[in-house]
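First up is the structure itself, then whatever we jot down about it.
The values are calculated or read from the model by the stated rules, or taken from the named source; none is laboratory data. Since the structure is predicted, the reported quantities are computational estimates derived from the model, not experimental observations. Cβ coordinates were reconstructed from backbone atoms using ideal geometry, including for glycine residues, and neighbour counts include every protein chain displayed. In case anyone asks, the SASA skips ligands and DNA or RNA and just uses the protein heavy atoms, side chains included. Shrake-Rupley method; radii C 1.70, N 1.55, O 1.52, S 1.80 Å.
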Amino acid sequence: MLTKISRLVLKKKNKSKIVCLTAYSKNIAEEIDNYTDLILVGDSLGSVLYNFDTTRKVNLSMMIEHSKSVRKGVKKSLMIVDMPFNSYKSKSQALKNCKKVMKETKCDGIKLEGGRKIIEIIKYLTQFKIPVMGHIGITPQTVRGKFRYKGKTDLEKKNLLKDSKSLEDAGVFAIVLECIEKKVSKEITKSINIPTIGIGSSNFCDGQILVTDDLLGLTNTKIKFVKKYTNLKSSVRNTVKKFKLDVKSGSYPSAKYSY
Ligand code: KIV
């Protein structure tokens, strides 16, 4: 029988686009699970839920608690958890923390940010059978200054291609490409046998991921690649306005909602 991970990898061969989204809690995970192939508990929860100015402030216990909640809502999709900043500085620390995350959250794998710089750590984890997803391009845990898309120069392109090949050789099962120029994303996707999952990296990738709160219009983001499919913010406002009117007028709770 194929594992969830081999099924995901097979999608690349079958040219079937891979659908991925983030979730930080059971309620959202439950609603998206039927439509996604992969659900990521992203450390983007630091900015989305906690208003942190950087994902570096997210720690392991935050990731574990949110992932436990998400686990309760995910039945079908592959569930991957982001390893937060400073939780994989050495081989032994990475292995200890990844094992803890896998054991406590019952996730299917973890994601680490970085290419060749962390390749020895990734090789070590895959040797110990930890399913690892890579992440290159813009890597928010280490980004300095303004966010700028990658792959603009020949040197950047060469490095991204080398990183993706090294990650494949180190045994990762898929790679997130964040904000990479479209021709470079296309070339990376063609040059490796594992799926590329794009975020702001064009439709040449094997799959796409977005932050669910962005797609639902729950955040104020104005990032170019984010398509807001609905505006839940205004929906929440209108609903709460109705509740307020009902409470003020005394029409809620009516007999129907009273014992
Ligand atoms: O933290 C996150 O949500 C992510 C994805 C957006 C790729 O890393």
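Report the one residue of Leu40, Ile175, Phe225 whose Cα lies farthest in the direction of the positive end of the charge dipole of the chain (charges on C-beta: Lys and Arg +1, Asp and Glu -1; origin at the Cα centre).
Working it through, the farthest residue towards the positive pole turns out to be Phe225.
To the nearest 10 square angstrom, what accessible area does Phe225 show with a 1.4 Å probe?
60 Å²
Give, rounded to the nearest 20 debye, the magnitude of the charge dipole that the chain has about its Cα centre when Lys and Arg contribute +1 at Cβ and Asp and Glu contribute -1 at Cβ.
180 debye
Return the carbon/sulfur percentage of the accessible area of the chain, one whole number, probe 1.4 Å, all protein chains in place.
56 percent
Using a 1.4 angstrom probe, figure out how much accessible area the stretch 4-228 has per residue, in square angstrom, rounded to the nearest whole.
On a per-residue basis, the stretch 4-228 sits at 49 Å².
Tell me the relative contact order for the chain as a rounded percent, counting alpha carbon contacts under 8 Å between residues six or more apart.
16 percent
Rounded, prolate or oblate for the chain? Axes are the square roots of the Cα gyration tensor eigenvalues, ordered a ≥ b ≥ c, and the cut-off for rounded is a/c under 1.5.
Note, shape of the chain comes out prolate.
Please find the FRET efficiency linking Lys244 to Glu65, where r is the Cβ-Cβ separation and R0 is fixed at 25 Å, and quote it to the nearest 0.05.
0.20
Using only Cα atoms, find the angle between the long axis of helix 4-13 and the longest principal axis of the chain, and express it within 0 to 90 degrees, rounded to the nearest 10.
It works out to around 70 degrees.
Which of these, Gly109, Gly145, Gly217, has the largest mean-square fluctuation under a Gaussian network model of the chain (Cα springs below 10 Å)?
Checking each option, the largest mean-square fluctuation is seen for Gly145.
What nm distance separates the two modelled labels at Lys117 and Arg144, each placed 7 Å from Cα along Cα→Cβ?
For the pair Lys117/Arg144, the computed spacing is 0.9 nm.
Taking springs between alpha-carbon atoms closer than 10 angstrom, which of Lys183, Lys152, Lys244 fluctuates most in the Gaussian network model of the chain?
Evaluated over the chain, the most mobile residue of the options is Lys244.
In whole Å and largest first, what semi-axes does the C-alpha gyration tensor of the stretch 112-259 yield when each eigenvalue is scaled by 5 and square-rooted?
44, 19, 13
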